[in-house]
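The values are calculated or read from the model by the stated rules, or taken from the named source; none is laboratory data. The shown structure was predicted, so the numbers you read here are calculated from the model rather than taken from an experiment. So basically every Cβ, Gly included, is an ideal-geometry build from the backbone, and we count neighbours across all protein chains shown.
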Amino acid sequence: MSTMFADTLLIVFISVCTALLAEGITWVLVYRTDKYKRLKAEVEKQSKKLEKKKETITESAGRQQKKKIERQEEKLKNNNRDLSMVRMKSMFAIGFCFTALMGMFNSIFDGRVVAKLPFTPLSYIQGLSHRNLLGDDTTDCSFIFLYILCTMSIRQNIQKILGLAPSRAATKQVTNDELQFGVAMQLNSPHLSGKTSNMNDFHA
């Protein structure tokens, strides 16, 4: 049990370090660029303007007023998309870095139970949560499952602490796309794929 607890703490520490690395890469490639700063400021400005208009509009508002809001929503959506595209190059760099790191982490934790889940995962998640583990106890947790859970929660908090979090309007689109891309890159790593027959269940 003490070894398992030590593994859990180590994985949390690894997640913090890789999250900081990811933010460092993103800062170099994205955050410090004039294009990102301009788009982020524009999205925040449009978001606040749109929220104010939605608060003041009534159900009896004219069609012209509603069309104005629709145009602003479309403009905000386009700027969010542009913001997401600017961040895309950092997402590729982060994905490739994490793929390389997975080889080292997998050699350390492969086949080891790093935590006990307080619940039984759904069947299509067990291919990930029980990856490369012996036995039939589905509450046993693999390294990759705990690492992904930690990374998803820790990185967003680090962004908030460092003041690098996307605007509220952009968060839903940009951050979720990035997380999904990062997880996909990690799962498609040659160091992790093809080692368990349960992986097909996860993708189903």
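Results, tabulated for the structure shown:
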{"item": "Any hit, the range 95-105, residues being under 21 Å from F5 (Cβ atoms) and in contact (Cβ under 8 Å) with a residue 24 or more places away in the chain", "result": "yes"}
{"item": "Residue in the range 70-85 that is among the hydroxyl-bearing types (S, T, Y), within 23 Å of the chain's Cα centre (by Cα) and either in a helix (DSSP H, G or I) or closer than 30 Å to R32 by Cβ (or both) present", "result": "yes"}
{"item": "Test: residue in the range 92-105 that is crowded, with 19+ Cβ neighbours inside 10 Å and small (G, A, S)", "result": "yes"}
{"item": "Criterion violated by E70 - all others in (1) of a type in the set (D, E); (2) at pLDDT 85 or above; (3) surrounded by fewer than 12 Cβ atoms within 10 Å (Cβ to Cβ) satisfied", "result": "(2)"}
{"item": "Conditions (1) surrounded by fewer than 19 Cβ atoms within 10 Å (Cβ to Cβ); (2) within 20 Å of K75 (Cβ to Cβ); number of the one not met by L20", "result": "(2)"}
{"item": "Inter-residue pairs, beta-carbon under 9 Å, first within 12 Å of D7 (Cα to Cα) and in the range 106-121, second part of a strand (DSSP E or B), 6+ apart", "result": "V113/D140; V113/C141; V114/D140; V114/C141; A115/D140; A115/C141; K116/D140; K116/C141"}
{"item": "Yes/no for D140 being over 19 Å from the mean Cα position of the chain (by Cα), surrounded by 14 or more Cβ atoms within 10 Å (Cβ to Cβ) and at pLDDT below 85", "result": "no"}
{"item": "Meets criteria (more than 26 Å from the chain's Cα centre (by Cα), on the phi < 0 side of the Ramachandran plot and either at pLDDT below 85 or surrounded by 15 or more Cβ atoms within 10 Å (Cβ to Cβ) (or both)) for L50", "result": "yes"}
{"item": "T56 more than 30 Å from L117 (Cβ to Cβ) and either surrounded by 12 or more Cβ atoms within 10 Å (Cβ to Cβ) or touching a Pro at 6+ places or on another chain (Cβ under 7 Å) (or both)", "result": "no"}
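A quick yes/no check of all residues on (1) modelled with pLDDT of 85 or more; (2) among the β-branched types (V, I, T); (3) in a helix (DSSP H, G or I):
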position	(1), (2), (3)
F98	no, no, yes
I108	yes, yes, yes
T120	yes, yes, no
N157	yes, no, yes
T175	no, yes, yes
